[in-house]
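Below is one structure, written out as structure tokens; the observations come after it.
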Amino acid sequence: PSLADEPFPDTCLAGVGVAFYLIAALGRRLCAPERAREIAAGLVDRVALGTVADVVPLSVNNRILVEQGLRRIRCGHCAPGITALLEAGRRVPARAVAADLGFAVGPRLNAAGRIEDMSIGIRCLLTDDAAEARRLAARLNELNLTRRDIEADMQATALAAVERLQADGTAGLPPALTLHAADWHAGVVGLVASRVKDAAHRPVVAFAPDGADGLKGSGRSIPGFHIRDALAEVDRREPGLIERFGGHAMAAGLSLQRTRLEKFRESFEAVARDALTPEHLTRVLLTDGELGPADLNLDTAERLRSAGPWGQDFPEPLFDGEFALDHVRVMKDVHLKLTVRPGGQGQALEAVAFNQAAALADARPAGLRLVYRPDVNIYRGLSSLQLVVQHLEPL
């Protein structure tokens, strides 16, 4: 769909979307109309999953594909593997939203290819046997737990390296970061690059060993810096430096020889320095303002949830405000579970802040400024309001 003369109205399709339209066209050519529709409808659950997991922009067309797939998932008319993976991620299939595909199903499928054998995930999506799907989903869940442990160790190493750069450099962090460690896992470097990108607000390429002499890299970017095009510019300036590369605006992969790492670092930083301004490198978090106490309730969260699907380039509304902090505890060393009250008074609300324990490591303030989204927390069949905190600052 991205070809110059292609009349298809949406250039944002994921690969799974391209495959879907090819199959639909073949169905129209080779089958009776009713059968062709049946074939297409039977695939749209996996099209929704692939579209969300590939983090492509949720254009109008992609939102239709995702919403139609989610409707089939909620009704149980989907691959048993998707249902099994949602349940393995402690999500309720009958209430599935796009975020459940992105944060529960996608990571478990990807864990197989990162850690062991991607065919496990493929078999999970292809099987028609619910028991087999649950067995495969359980294995994928185990692999995902292993992936998390590996990622946590790699992430700690990467963030420590960034802290050293901040401490040693006289001009602060460079405009782009290149990271590498000899014991990193090649299947997890993309996740590490993403975490560091979020922490440092810089384009990041993380490398792991690939064979005796090679390196496999994965990059993640920030708005305003097309990382695949940046790698193409590195390749133009230094022909032969990168052995092969590919990707899109926000994510890319590449390989090169270990001895060329420093040359790549220099060239990548130079390309970023030419392309990025201080405004690009300043993190800006936009919100939709403050919610009054009367709107901080389960009904608002349910309405926002039903207004999706939300996702890349179609973000869920964020709100901000000041809250009294009644209680806080750390979960799994990195997350925060909070009890807060809007404006220092009113009803106590539950909130969760993922990967933000460091923000309160040295203090327990009386109040917080939160950027959050109202969410529906389902526990033992009961629904309640929960604030999912995107950013917090002590008052």
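For the condition over 19 Å from Gly311 (Cα atoms), in a loop (DSSP other than H, G, I, E, B) and touching a residue at least 40 places away in the same chain (Cβ under 8 Å), what is the one hit in Asp117, Asp128?
On the way: Asp117 fails: touching a residue at least 40 places away in the same chain (Cβ under 8 Å).
The conditions single out Asp128.
Condition check ((1) charged (D, E, K, R); (2) within 23 Å of Leu191 (Cβ to Cβ)) across all residues:
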site	(1), (2)
Asp235	yes, no
Arg244	yes, yes
Ala249	no, yes
Leu256	no, yes
Leu261	no, yes
Phe268	no, yes
Ala275	no, no
Val284	no, no
Asp288	yes, no
Practice item. Assess whether Arg258 counts as being open to solvent by 50 Å² or more (accessible area, probe 1.4 Å), of a type in the set (Lys, Arg) and at pLDDT 95 or above. Key: yes
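With respect to Gly81, is the statement that it is over 19 Å from Arg134 (Cβ atoms) and either outside any helix (DSSP H, G or I) or without any contact (Cβ under 8 Å) to a residue 60 or more places away in the chain (or both) true? Let's see the steps before the verdict.
Values: over 19 Å from Arg134 (Cβ atoms): no; either outside any helix (DSSP H, G or I) or without any contact (Cβ under 8 Å) to a residue 60 or more places away in the chain (or both): yes.
When the stated conditions are applied, Gly81 does not pass them.
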**Study point:** Unmet requirement for Arg71, which otherwise passes all of (1) open to solvent by 40 Å² or more (accessible area, probe 1.4 Å); (2) in a loop (DSSP other than H, G, I, E, B); (3) not hydroxyl-bearing (Ser, Thr, Tyr)
**Key:** (2)
Revision key, fill the gap. Apart from one, (1) in contact (Cβ under 8 Å) with a residue 40 or more places away in the chain; (2) over 15 Å from Leu296 (Cα atoms); (3) under 27 Å from the mean Cα position of the chain (by Cα); (4) open to solvent by less than 60 Å² (accessible area, probe 1.4 Å) all hold for His335; the odd one out is (1)
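Does segment 313-330 contain any residue that is open to solvent by 80 Å² or more (accessible area, probe 1.4 Å), more than 30 Å from Ala230 (Cβ to Cβ) and within 26 Å of the chain's Cα centre (by Cα)? Before you say what the answer is, go through the steps one by one.
In the first step, residues of segment 313-330 are kept if they are open to solvent by 80 Å² or more (accessible area, probe 1.4 Å); the result is 313, 315, 322, 327, 329.
Now drop any that are not more than 30 Å from Ala230 (Cβ to Cβ), which leaves 322, 327, 329.
In the following step, the residues that additionally are within 26 Å of the chain's Cα centre (by Cα) were identified as 329.
The answer is yes; a qualifying residue exists.
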Study note, to complete from the structure: Across (1) farther than 21 Å from Leu126 by Cβ; (2) at pLDDT below 95; (3) open to solvent by 60 Å² or more (accessible area, probe 1.4 Å), Val56 clears everything bar (3)
Review point. Looking only at segment 234-246, which residues are open to solvent by less than 50 Å² (accessible area, probe 1.4 Å) and within 13 Å of Ala275 (Cβ to Cβ)?
Key: Val234
**Study point:** Residue tally, condition part of a helix (DSSP H, G or I), open to solvent by 50 Å² or more (accessible area, probe 1.4 Å) and over 29 Å from Pro175 (Cα atoms), over segment 263-304
**Key:** 7
Review point. Just for segment 1-53: of the residues that are of a type outside the set (Asp, Glu), open to solvent by 70 Å² or more (accessible area, probe 1.4 Å) and part of a loop (DSSP other than H, G, I, E, B), which one is modelled with the lowest pLDDT?
Key: Ser2
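The values are calculated or read from the model by the stated rules, or taken from the named source; none is laboratory data. Since the model is a prediction, treat every value here as computed from it, not as a measurement. Note that we place each Cβ from the backbone using ideal geometry, even for glycine, and neighbour counts take in every protein chain shown. These accessible areas exclude ligands, DNA and RNA; they are computed on the full protein's heavy atoms, side chains included. Shrake-Rupley method; radii C 1.70, N 1.55, O 1.52, S 1.80 Å.
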